[in-house]
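In what follows, a structure is listed as structure tokens, so that the remarks can point back to it.
The values are calculated or read from the model by the stated rules, or taken from the named source; none is laboratory data. Just so it is clear, the model here is predicted, and its values are computed rather than measured. No Cβ is skipped: glycine too gets one built from the backbone with ideal geometry, and neighbour counts run over all protein chains shown.
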Amino acid sequence: MSRTVSKPASFSPQSVPTSWFQRQFPWFYAFWKFSRAHTVIGTTLSVLSLYVIVLAKIQPAGAGNLSFVALVAVLLACLCGNVYIVGLNQLEDVAIDRINKPHLPLASGEFSRRQGQGIVICMGILAIALSSLQGSYLLAMVSISLLIGTAYSLPPIRLKRFPFWASLCIFTVRGVVVNLGLFLHFSRGATIPPSVWALTLFILGFTFAIALFKDMPDAEGDRQYNISTFTLQLGQQSVFNLSRRVLTAVYAGMILAGIVGLPGVNPFFLVATHAGAVGALWVRSFSINLRDKASISQFYQFIWKLFFLEYIVFAIACWLA
């Protein structure tokens with residue numbers, strides 16, 4: 001039996017205070033929300049960080065795949081792929097988002113379904129076209145990411161219904177495919193150094209924690225639409241504790257790597273910054289209220305800020321070495 005869910009009565013796009021940009025450029029503002037800003041920032045920083053790491057260790061500035069034009073092309077291809085993946089997920093989750101994320105353009109009615117489909121199709125084509133012009137490593141990276149993103153959201157596969165497979169999709173793309181694919185592209189297939197393996201392992205664990213935590217604010221909509229998540233299976237407190245332990249473990253691993261002397265990075269900077277970050281994580285975690293959706297969402301965004309910070313910090317650590 002199908003279920004029709006109306007937009008929550010308490011939500012109205014017109015009732016929300018608007019910014020100047022939102023009033024003057026409503027379509028672009030809606031597109032920015034459709035693109036999910038935190039994922040756009042994460043993708044941008046991953047591209048820039050791997051570019052800096054390779055620039056510092058492999059080739060002189062402006063050579064081959066490290067020219068500014070090549071960097072822009074890579075960034076555009078990855079951002080188009082990013083929008084394709086998050087947009088497809090929104091297309092398949094409109095009813096759920098009307099409960100969990102009513103501010104998103106499809107859920108709020110700012111974009112029609114046809115508009116959403118058009119954006120997703122265009123972004124997917126652009127991602128493949130741009131990456132194919134840059135080389136086989138980037139094309140493989142983008143293609144694998146789009147394939148996994150499609151399997152994550154689109155029926156009949158729709159892996160997001162299953163907690164293990166949903167988590168595997170997220171940390172495989174963010175943790176392995178993106179980091180190793182970008183390094184191989186920028187370095188033209190050079191041997192992957194220990195520093196990049198360390199970053200990859202860190203991001204792999206970090207995105208696993210994100211995958212665990214991401215469904216905590218969305219428990220109500222997932223419950224109504226039978227989307228099985230670790231939050232619904234294990235409970236919020238258990239998922240929160242596990243996520244915090246995983247984050248602590250990856251930070252401890254990077255601190256240990258700095259102490260024993262990870263080649264290609266500045267050990268003092270690496271240890272100090274990661275010790276500060278994990279300390280901030282624990283201090284911030286004591287203020288979360290697991291009964292308050294807003295508090296959970298704020299902590300989730302804080303985790304993403306730590307994710308952004310890692311790419312900046314690690315690139316600097318490599319450059320200082």
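Condition check ((1) among the hydrophobic types (A, V, I, L, M, F, W, C); (2) under 18 Å from THR207 (Cα atoms); (3) out of contact with any Asp or Glu (no Cβ under 8 Å at 6 or more places or on another chain)) across all residues:
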position: ALA272; (1), (2), (3): yes, no, yes
position: PHE286; (1), (2), (3): yes, no, yes
position: ASN289; (1), (2), (3): no, no, yes
position: SER297; (1), (2), (3): no, yes, yes
position: ILE312; (1), (2), (3): yes, yes, yes
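Look at region 143-158 and say how many of its residues are in a helix (DSSP H, G or I) and touching a Leu at 6+ places or on another chain (Cβ under 8 Å). If you could, list the steps in order and put the result at the bottom.
Step one: of region 143-158, the residues in a helix (DSSP H, G or I) are 143-153.
If we keep only those that are touching a Leu at 6+ places or on another chain (Cβ under 8 Å) as well, we get 149-153.
Residues meeting the conditions: 5.
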Quiz item: Mind checking whether some residue in region 284-291 is hydroxyl-bearing (Ser, Thr, Tyr) and outside any helix (DSSP H, G or I)?
Solution: yes
Self-check item: Hits in region 107-131 - residues which are small (Gly, Ala, Ser) and either outside any loop (DSSP other than H, G, I, E, B) or in contact with a helix residue (DSSP H, G or I) (Cβ under 6 Å, 6 or more places away or on another chain) (or both)
Solution: ALA107, SER108, GLY116, GLY118, GLY124, ALA127, ALA129, SER131
Quiz item: Looking at this structure, is LEU247 among the aliphatic types (A, V, I, L, M) and under 15 Å from PHE208 (Cβ atoms)?
Solution: yes
Self-check item: Conditions (1) under 22 Å from PHE162 (Cβ atoms); (2) modelled with pLDDT of 95 or more; (3) not polar (S, T, N, Q); number of the one not met by LEU270
Solution: (1)
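Listed residues LEU168, LEU184, LEU204, LEU232; which is farther than 24 Å from GLN90 by Cβ, surrounded by fewer than 21 Cβ atoms within 10 Å (Cβ to Cβ) and either of a type outside the set (Lys, Arg) or modelled with pLDDT under 90 (or both)? Working first, answer last.
Values: LEU168 fails: farther than 24 Å from GLN90 by Cβ; LEU184 fails: surrounded by fewer than 21 Cβ atoms within 10 Å (Cβ to Cβ); LEU232 fails: farther than 24 Å from GLN90 by Cβ.
Just a single option satisfies the conditions, and that option is LEU204.
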Exercise. Report the residue count in region 285-321 for those that are modelled with pLDDT of 90 or more, surrounded by 14 or more Cβ atoms within 10 Å (Cβ to Cβ) and within 17 Å of MET216 (Cα to Cα).
Key: 9
Practice problem: Scan region 132-142 for residues that are in contact with a helix residue (DSSP H, G or I) (Cβ under 6 Å, 6 or more places away or on another chain) and either assigned to a helix (DSSP H, G or I) or buried (at least 21 other Cβ atoms within 10 Å of the Cβ) (or both) and jot them down. | Solution: SER132, TYR137, LEU138, LEU139, MET141, VAL142
Exercise. Return the residue satisfying two criteria in turn: it lies in region 187-201 and is over 20 Å from the mean Cα position of the chain (by Cα) and surrounded by 18 or more Cβ atoms within 10 Å (Cβ to Cβ), and of such residues it is nearest to THR229 (Cα to Cα).
Key: SER195
Quiz prompt | Residue, surrounded by the fewest Cβ atoms within 10 Å (Cβ to Cβ), within region 256-284, restricted to residues that are under 23 Å from the mean Cα position of the chain (by Cα) and β-branched (Val, Ile, Thr) | solution = VAL278
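Could you list, in sequence order, the residues of region 266-316 that are polar (S, T, N, Q), closer than 30 Å to ILE99 by Cα and in contact (Cβ under 8 Å) with a residue 24 or more places away in the chain? Lay out the reasoning, then the answer.
First pass over region 266-316, keeping only residues polar (S, T, N, Q): 266, 273, 285, 287, 289, 295, 297-298, 301.
Next, only the ones that are closer than 30 Å to ILE99 by Cα stay: 285, 287, 289, 295, 297-298, 301.
Of everything in region 266-316, those that are polar (S, T, N, Q), closer than 30 Å to ILE99 by Cα and in contact (Cβ under 8 Å) with a residue 24 or more places away in the chain turn out to be SER285, SER297, GLN301.
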